[in-house]
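Engineer: There's a structure below that I have some questions on.
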Amino acid sequence: MAEDEGVDEKRRDFLLTVTGTVGVAGIAAACWPFISSMNPTLDVQTQSNTEVDLSGVAAGATRTVAWRGKPVFVVHRTPQQIAAMAQSAGGKDPAPDQARVQEPQWLVVVGICTHLGCVPNKTEEGWLCPCHGSVFDNSGRVLQGPAPRNLEVPPYHFAATDKIVIG
Amino acid sequence: MAQRLIAWIDQRFPLTSFIKRELTDYLTPRNLSYWWNFGFLAGFLLMLQIISGVFLAMHYKPDVNLAFDSVQHIMREVNYGWLIRYLHSTGASAFFVVVYIHMARTLYYGSYRAPRELMWWSGQVLLILLMASAFMGYLLPWGQMSYWGAQVITSLFGATPLIGDEIVLWLRGDFVVGDATLNRFFALHYLVPFFIVGMVIIHLVALHHVKSSNPSGINLADKDNIPFHPYFTAKDLFGLGVFLIIFCGFVFFAPEFFIEAANNIPANPLQTPPHIVPEWYFLPFYTILRAIPDTLGGVVAMGLSILIFAAMPFLDRSRIPGGARFRPFYRAMFYIFMVDVAVLAYVGSQPPGGLTFKIGVAATVIYFAAFLTLPFLSRWEERWLRARGLPPALQALLDSETEPKPRREAR
């Protein structure tokens with residue numbers, strides 16, 4: 001009873017708030033290493049480059065290579081396909097064909113549907129995703145279906161006329 | 001000697017009183033039908049899945065290079081490995097059959113209504129935990145369907161605004177579903193059942209506090225309640241026997257019935273199978289995902305289609321007890337909803353395209369419309385039933401429920 005009289009309520013509230021805040025922050029900080037441990041490990045992050053030898057890929061053919069575990073389509077396009085793609089602006093996500101290739105006969109795109117991550121299957125006109133029916137043209141641009149964006153163009157450069165390095 | 005031992009324990013732990021209170025003296029409505037059997041069956045399946053899963057884990061290897069072969073090793077070389085694996089894989093499907101019937105019973109008889117909202121919501125959490133566990137367990141055989149199912153479902157989180165890509169990377173621990181993903185799914189698949197057990201205990205504590213609902217929808221007089229043991233232990237065990245006849249039929253004669261053929265091909269990250277489908281128990285929700293052309297919209301609709309069940313105690317505004325049994329319009333709606341879910345499941349099993357897509361969209365609209373029209377329909381139906389005249393006893397019950405309230409407030 002006598003103790004209650006001398007209580008500074010504001011001081012007590014302040015101490016309670018500060019203790020609570022520091023406690024919660026401490027718990028959050030202690031969680032961080034565990035959450036972070038689920039991110040890609042260093043050895044996964046270092047698998048960054050993939051070399052592709054283009055000499056064996058005939059016109060009209062596609063080679064699928066793995067880059068960071070993802071499939072990458074390397075397409076040797078025919079002159080007809082190049083001409084058709086140069087005329088089209090794409091569909092839902094318009095982009096000129098020239099901006100998506102370094103050499104018009106070589107199209108390099110990540111073979112993962114931008115909708116939910118399936119690998120599209122090659123067709124005459126481009127690709128068809130088997131999961132939810134997205135259609136892509138021979139420039140990897142989405143024409144119809146649920147995919148929101150065009151197939152991603154990975155960073156790559158020509159190390160020689162018939163060799164590219166992805167990554 | 002036994003009596004002295006029990007007396008010794010009772011002094012230190014409430015053993016006898018617990019059994020008395022929760023089993024031999026636990027009052028249960030005597031009119032429970034076999035639809036009330038499915039909660040017990042779900043509990044049985046939880047035990048079966050945990051036990052068979054522990055024994056499978058003794059032989060399984062969560063490594064991308066070893067996982068597929070270790071499942072084949074279980075099938076061919078481990079003593080009775082085929083049996084344990086088929087019990088576990090069939091058990092997963094049976095678990096969803098039983099839980100979906102359990103939920104349908106709750107919807108039909110209106111058991112989600114006061115005072116059983118927390119039972120319904122804890123059940124909702126159990127369903128989500130079960131789905132998470134089933135989804136992660138399905139990756140472990142590392143077949144083509146396993147792989148691409150996990151690839152698609154983890155991609156769903158990429159629809160999160162702003163940080164979608166980072167979340168997907170964090171979930172997988174790799175740029176695609178890979179070794180890190182397989183390992184963590186195995187760890188979590190082993191962990192989630194413990195959460196389920198904990199939630200089941202909460203579910204049961206709530207049940208024993210509010211007691212079982214029953215087909216009449218009203219609280220029975222004392223003389224119409226009978227002890228759980230031996231009456232309902234016997235009834236539940238008989239139901240279990242019938243269930244096991246069907247279950248063992250699948251385990252021994254059609255164990256591959258619930259397994260997609262494509263899952264017998266080892267996972268290949270560079271090639272999606274021509275037609276991928278989720279496990280049958282996810283098909284209705286998968287259709288709702290596909291029915292919305294926008295990724296984020298589809299993910300939100302799919303999430304809502306599961307979570308919206310939680311709103312049932314608020315959406316159903318009728319006070320007529322007994323659920324669909326005494327409510328003709330709610331009953332019609334219940335059956336339409338069941339057919340609609342079956343249509344959604346069928347559409348989900350078909351390749352994407354043309355007519356099935358349109359049917360899927362229509363069925364999705366009906367799915368949500370059923371929930372959203374319920375508040376108006378249930379109100380209107382109650383007025384309609386009252387206007388036609390309720391049985392005198394029911395009328396008296398409803399009056400007694402409504403009248404004391406204002407009086408209590410006035411006091």
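The values are calculated or read from the model by the stated rules, or taken from the named source; none is laboratory data. Everything numeric in this text was worked out from a predicted model, so none of it was measured. With ideal geometry, Cβ positions are generated from the backbone for all residues, glycine too; neighbour counts draw on all protein chains shown.
Engineer: Any idea which of B:Ala67, B:Ala42 is aliphatic (A, V, I, L, M), modelled with pLDDT of 95 or more and in contact with a Pro (Cβ under 9 Å, 6 or more places away or on another chain)? Even if it seems obvious, please write down each step before you answer.
Structural biologist: Details: B:Ala42 fails: in contact with a Pro (Cβ under 9 Å, 6 or more places away or on another chain).
None of the other options fit; the residue is B:Ala67.
Engineer: Ok, one more. Would you point out the residue of region B:146-168, among those that are surrounded by 19 or more Cβ atoms within 10 Å (Cβ to Cβ) and out of contact with any Gly (no Cβ under 9 Å at 6 or more places or on another chain), that is farthest from the other protein chains (Cβ to nearest Cβ)? It would help to see each step written out before you state the result.
Structural biologist: Taking region B:146-168 and keeping what is surrounded by 19 or more Cβ atoms within 10 Å (Cβ to Cβ), we get B:146-156, B:158-159, B:168.
Now narrow it down to the ones that are out of contact with any Gly (no Cβ under 9 Å at 6 or more places or on another chain): B:146-147, B:149-150, B:153.
Values: B:Ser146: 14, B:Tyr147: 11, B:Gly149: 10, B:Ala150: 10, B:Ile153: 8 Å.
Residue satisfying both the conditions and the ranking: B:Ser146.
Engineer: From the list B:Val78, B:Val54, B:Val71, which one is in the same structural domain as B:Ile202 (by TED's automatic domain parsing), surrounded by fewer than 17 Cβ atoms within 10 Å (Cβ to Cβ) and β-branched (Val, Ile, Thr)? Don't jump to the end; show me each part of the working.
Structural biologist: Numbers: B:Val78 fails: surrounded by fewer than 17 Cβ atoms within 10 Å (Cβ to Cβ); B:Val71 fails: surrounded by fewer than 17 Cβ atoms within 10 Å (Cβ to Cβ).
Answer to the check: B:Val54.
Engineer: Yes or no: region B:237-253 includes at least one residue that is surrounded by fewer than 15 Cβ atoms within 10 Å (Cβ to Cβ), part of a loop (DSSP other than H, G, I, E, B) and more than 11 Å from every other protein chain (Cβ to nearest Cβ).
Structural biologist: Among the residues of region B:237-253, not one is surrounded by fewer than 15 Cβ atoms within 10 Å (Cβ to Cβ), part of a loop (DSSP other than H, G, I, E, B) and more than 11 Å from every other protein chain (Cβ to nearest Cβ), which makes the answer no.
Engineer: If you check A:Val135 against the conditions, is it surrounded by 18 or more Cβ atoms within 10 Å (Cβ to Cβ), within 14 Å of chain B (Cβ to nearest Cβ) and modelled with pLDDT of 85 or more? Steps first, answer last, please.
Structural biologist: Values: surrounded by 18 or more Cβ atoms within 10 Å (Cβ to Cβ): yes; within 14 Å of chain B (Cβ to nearest Cβ): yes; modelled with pLDDT of 85 or more: yes.
Yes: the conditions hold for A:Val135.
Engineer: Select from region B:62-112 the residues that are without any contact (Cβ under 8 Å) to a residue 60 or more places away in the chain and of a type in the set (Lys, Arg) and write down the one among them that is nearest to B:Ala332 (Cα to Cα).
Structural biologist: Result: B:Arg85.
Engineer: On to the next question. Provide a single number: the residues in region A:27-72 that are facing another protein chain (nearest Cβ under 10 Å), surrounded by 14 or more Cβ atoms within 10 Å (Cβ to Cβ) and among the hydroxyl-bearing types (Ser, Thr, Tyr).
Structural biologist: So the answer is 1.
Engineer: Sort out for me the helices (runs of 4 or more DSSP H) sitting completely within region A:1-90 that have 1 or more residues that are in contact (Cβ under 8 Å) with a residue 24 or more places away in the chain, out of contact with any strand residue (DSSP E or B) (no Cβ under 8 Å at 6 or more places or on another chain) and closer than 25 Å to A:Ser139 by Cβ.
Structural biologist: On the way: elements: A:2-5, A:9-36, A:42-45, A:79-87.
Because the criterion is at least 1 residues that are in contact (Cβ under 8 Å) with a residue 24 or more places away in the chain, out of contact with any strand residue (DSSP E or B) (no Cβ under 8 Å at 6 or more places or on another chain) and closer than 25 Å to A:Ser139 by Cβ, the helices (runs of 4 or more DSSP H) in region A:1-90 that meet it are A:79-87.
Engineer: Considering only region B:35-45, I want to know if a residue exists there that is closer than 25 Å to B:Ala150 by Cα and out of contact with any Ser or Thr (no Cβ under 7 Å at 6 or more places or on another chain).
Structural biologist: Checked region B:35-45: at least one residue is closer than 25 Å to B:Ala150 by Cα and out of contact with any Ser or Thr (no Cβ under 7 Å at 6 or more places or on another chain).
Engineer: Looking at region B:211-232, can you tell me whether even one residue there is free of Cβ contacts under 8 Å to residues at least 12 places away in the same chain and under 30 Å from B:Asn65 (Cα atoms)?
Structural biologist: Scanning region B:211-232 turns up no residue that is free of Cβ contacts under 8 Å to residues at least 12 places away in the same chain and under 30 Å from B:Asn65 (Cα atoms).
Engineer: On to the next question. Tell me which residues, restricted to region A:115-131, are assigned to a loop (DSSP other than H, G, I, E, B) and more than 10 Å from chain B (Cβ to nearest Cβ).
Structural biologist: Of everything in region A:115-131, those that are assigned to a loop (DSSP other than H, G, I, E, B) and more than 10 Å from chain B (Cβ to nearest Cβ) turn out to be A:Thr123, A:Glu124, A:Glu125.
Engineer: I'd like to check which helices (runs of 4 or more DSSP H) are fully inside region B:69-179 and have at least 2 residues that are of a type in the set (Phe, Trp, Tyr).
Structural biologist: Values: elements: B:81-108, B:117-139, B:144-156, B:164-172.
Per the criteria, B:81-108, B:117-139, B:144-156.
Engineer: Also, I was wondering about something else. Six or more apart or on different chains, Cβ under 7 Å: which pairs go from a residue in region B:175-190 that's away from chain A (no Cβ under 11 Å) to one that's surrounded by fewer than 20 Cβ atoms within 10 Å (Cβ to Cβ) and in a helix (DSSP H, G or I)? Could you list them?
Structural biologist: B:Tyr190/B:Ala57
Engineer: Could we say that B:Ile306 is under 29 Å from B:Pro161 (Cα atoms) and in a helix (DSSP H, G or I) here? Give the steps one after another, and end with the answer.
Structural biologist: Details: under 29 Å from B:Pro161 (Cα atoms): yes; in a helix (DSSP H, G or I): yes.
Yes: the conditions hold for B:Ile306.
Engineer: Considering each of B:Pro215, B:Pro273, B:Pro230 in turn, give the residue that is out of contact with any strand residue (DSSP E or B) (no Cβ under 7 Å at 6 or more places or on another chain) and either within 24 Å of B:His88 (Cβ to Cβ) or of a type in the set (D, E, K, R) (or both).
Structural biologist: Working: B:Pro215 fails: either within 24 Å of B:His88 (Cβ to Cβ) or of a type in the set (D, E, K, R) (or both); B:Pro230 fails: either within 24 Å of B:His88 (Cβ to Cβ) or of a type in the set (D, E, K, R) (or both).
Selected residue: B:Pro273, the only one of B:Pro215, B:Pro273, B:Pro230 that is out of contact with any strand residue (DSSP E or B) (no Cβ under 7 Å at 6 or more places or on another chain) and either within 24 Å of B:His88 (Cβ to Cβ) or of a type in the set (D, E, K, R) (or both).
Engineer: Same structure, new question: For region B:303-339, enumerate the residues that are in contact with a Ser or Thr (Cβ under 6 Å, 6 or more places away or on another chain) and under 16 Å from B:Leu394 (Cβ atoms).
Structural biologist: Applying the first criterion (in contact with a Ser or Thr (Cβ under 6 Å, 6 or more places away or on another chain)) to region B:303-339 yields B:316-318, B:322.
Matches in region B:303-339: B:Ser318, B:Gly322.
Engineer: Still on this model: Please determine, by comparing only the residues of region B:11-51 that are of a type in the set (Gly, Ala, Ser) and within 28 Å of the chain's Cα centre (by Cα), which one is surrounded by the fewest Cβ atoms within 10 Å (Cβ to Cβ).
Structural biologist: Step one: list which residues in region B:11-51 are of a type in the set (Gly, Ala, Ser), which gives B:17, B:33, B:39, B:42-43.
Those still in the list that are within 28 Å of the chain's Cα centre (by Cα) too: B:33, B:39, B:42-43.
Values: B:Ser33: 11, B:Gly39: 22, B:Ala42: 22, B:Gly43: 16.
This residue is B:Ser33.
Engineer: Determine if region B:259-272 includes at least one residue that is in a helix (DSSP H, G or I), within 30 Å of B:Asn31 (Cβ to Cβ) and not assigned by TED's automatic domain parsing to the domain that holds B:Tyr109. Let's see the steps before the verdict.
Structural biologist: As a first pass, look at region B:259-272 and keep what is in a helix (DSSP H, G or I): B:261-264.
Still in the list and also within 30 Å of B:Asn31 (Cβ to Cβ): none.
No.
Engineer: Could I ask something else about it? Output the qualifying pairs, or none if there are none: Cβ atoms under 8 angstrom, residues six or more apart or on different chains, first residue in region B:288-305 and at pLDDT 85 or above, second residue basic (Lys, Arg).
Structural biologist: Listed by first residue and then by second, the contacts come to B:Gly298/B:Arg290.
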